[in-house]
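A.B. asks: This structure is in structure tokens; I'll ask about it shortly.
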Amino acid sequence: MPTDRILSFTVNGEPVRLLVEPAQTLLEVLRGPLRLTGTKHGCDVGDCGACTVLVDGAPRLSCITLAVGCEGARVETIEGVATPAGPDPIQAAFDHHVAAQCGYCTPGFVMTLRHLFAENPTANEAELREALGSNLCRCTGYTKILTAAREAQAIYAGKS
Ligand code: FES
Ligand code: FES
């Protein structure tokens, strides 16, 4: 029978070492023992994107990612996005364009966009929409989210 294991990884730049159950998801570990509740628990089956975090720089749905598979990984969550100087440009643009209503989906959108702008700073409209295709929002209708994303992209690119 599988037994609990010690997991060592970094979360938002901080080394973390804790005991996890073999079937525990990354989402459960983040929101449970690590108390990082900014990553949201939506559908729990990989459909909504609310639980998106970055693992070694790539977006991962933490609700369907086993924590034990993150041994040695670099995990980034929404809590690590803002700096003492202020919010990330994506967060600022969401605020500026009122692209969050209930806000439940917002951390997932922000993490997905951070990866997109790092990997493809000049993403065109189709690429932007494709990148966001796995993040669902039940409130905004997406128009404001896309507007905010374009504004943030311009700021990332130093064009604004
Ligand atoms: S909670 Fe993970 S994809 Fe919906
Ligand atoms: S703002 Fe409510 S789900 Fe997106």
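Bear in mind these aren't lab numbers, they're just calculated from the coordinates by the rules spelled out. Computed from a prediction, not measured in an experiment: that's the story for all the values here. Methodologically, a virtual Cβ is constructed for each residue, glycine included, from the backbone with ideal geometry; neighbour enumeration extends over all protein chains shown.
A.B. asks: crowded, with 17+ Cβ neighbours inside 10 Å and outside any loop (DSSP other than H, G, I, E, B) - does that describe any residue in the range 31-47?
C.D. replies: yes
A.B. asks: Here's a follow-up. Looking at Pro22, is it more than 16 Å from ligand 2 (Cβ to nearest atom) and over 17 Å from Arg74 (Cα atoms)?
C.D. replies: It is true that Pro22 is more than 16 Å from ligand 2 (Cβ to nearest atom) and over 17 Å from Arg74 (Cα atoms).
A.B. asks: Please work out which one of (1) aliphatic (A, V, I, L, M); (2) buried (at least 19 other Cβ atoms within 10 Å of the Cβ); (3) more than 16 Å from ligand 1 (Cβ to nearest atom) is the condition Met111 fails and give its number.
C.D. replies: The number of the failed condition is (3).
A.B. asks: Exactly one of (1) surrounded by 14 or more Cβ atoms within 10 Å (Cβ to Cβ); (2) more than 16 Å from ligand 2 (Cβ to nearest atom) is unmet by Pro84. Its number?
C.D. replies: (1)
A.B. asks: Considering only the range 89-114, state which residues are in contact (Cβ under 8 Å) with a residue 40 or more places away in the chain and over 19 Å from Gly158 (Cβ atoms).
C.D. replies: The answer is Phe94, His97, Val98, Ala99, Ala100, Tyr104, Cys105, Pro107, Gly108, Phe109, Met111, Thr112.
A.B. asks: Within the range 68-82, is there a residue that is in a helix (DSSP H, G or I), more than 24 Å from Ile6 (Cβ to Cβ) and under 14 Å from the mean Cα position of the chain (by Cα)?
C.D. replies: For the range 68-82, residues in a helix (DSSP H, G or I), more than 24 Å from Ile6 (Cβ to Cβ) and under 14 Å from the mean Cα position of the chain (by Cα): present.
A.B. asks: Okay, moving on. Hey, does the range 95-107 have a residue that's outside any loop (DSSP other than H, G, I, E, B) and within 13 Å of the chain's Cα centre (by Cα)?
C.D. replies: yes
A.B. asks: Quick one: count up the residues across the range 36-57 that are closer than 13 Å to Glu79 by Cα and without any contact (Cβ under 8 Å) to a residue 24 or more places away in the chain.
C.D. replies: Number satisfying all stated conditions: 1.
A.B. asks: Shifting gears a bit: Restricting the range 128-153 to residues that are loosely packed, with under 13 Cβ neighbours inside 10 Å and in a helix (DSSP H, G or I), which is nearest to ligand 1 (Cβ to nearest atom)?
C.D. replies: Here the residue is Gly133.
A.B. asks: A further question on this structure: May I ask you to say which residue of Arg60, Arg17 is out of contact with any Cys (no Cβ under 7 Å at 6 or more places or on another chain) and closer than 27 Å to Leu136 by Cβ?
C.D. replies: Arg60
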